[in-house]
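The values are calculated or read from the model by the stated rules, or taken from the named source; none is laboratory data. Everything numeric here is computed off the predicted structure, so don't read it as measured data. Glycine gets a Cβ as well: all are built from the backbone with ideal geometry, and neighbour counts include every protein chain shown.
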Amino acid sequence: MPVYEYLCDACGPFTHMRPMSECDDPQACPQCADMAPRVILTAPNFACMPADRRTAFATNERSRHAPQTVAEYKAKHSPGCGCCSPKKPPRLMTKSKNGAKGFPTARPWMISH
């Protein structure tokens with residue numbers, strides 16, 4: 001979730017983390033509880049976050065209305081499913097005339113069984 005800036009007439013500027021869907025709504029001042037409008041005083045800092053933290057915030061925002069239970073997650077994602085695990089590139093393979101498979105990228109000094 002991004003951090004937005006607000007300007008209270010009595011207390012001055014303050015920041016608050018909110019969902020993007022509520023970006024234009026006024027926020028109550030933490031000191032005097034008056035409603036303060038959103039202002040843009042500095043450059044946004046959301047894009048400067050590390051990728052893993054940004055991914056965690058995005059996941060939390062997606063699941064804030066109806067988070068999944070463990071059983072629901074396991075029903076959708078089996079071990080090694082394509083959406084959760086990185087995909088490996090296909091292994092290079094050649095076939096000879098007699099049907100034998102060969103792997104040119106394999107280590108030639110290793111004996112296969």
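What to note about this one:
- Residues located in the range 52-70, provided they are in contact (Cβ under 8 Å) with a residue 40 or more places away in the chain and under 8 Å from the mean Cα position of the chain (by Cα): Phe57
- Neighbours by Cβ (under 6 Å, 6+ apart or cross-chain): first from the range 1-25, of a type in the set (A, V, I, L, M, F, W, C); second in a strand (DSSP E or B) and surrounded by 16 or more Cβ atoms within 10 Å (Cβ to Cβ): Leu7/Ala36; Cys8/Ala36; Phe14/Tyr6
- Those residues of the range 24-47 which are loosely packed, with under 11 Cβ neighbours inside 10 Å, at pLDDT below 90 and assigned to a loop (DSSP other than H, G, I, E, B), in sequence order: Asp24, Ile40, Leu41, Thr42, Ala43, Asn45
- The single condition among (1) surrounded by 10 or more Cβ atoms within 10 Å (Cβ to Cβ); (2) within 30 Å of Thr105 (Cα to Cα); (3) modelled with pLDDT of 85 or more that Cys84 does not satisfy is (3).
- Residues located in the range 48-59, provided they are at pLDDT 80 or above and loosely packed, with under 10 Cβ neighbours inside 10 Å: Pro50, Ala51, Asp52, Arg53
- Some residue of the range 96-110 being among the β-branched types (Val, Ile, Thr) and modelled with pLDDT of 75 or more: no
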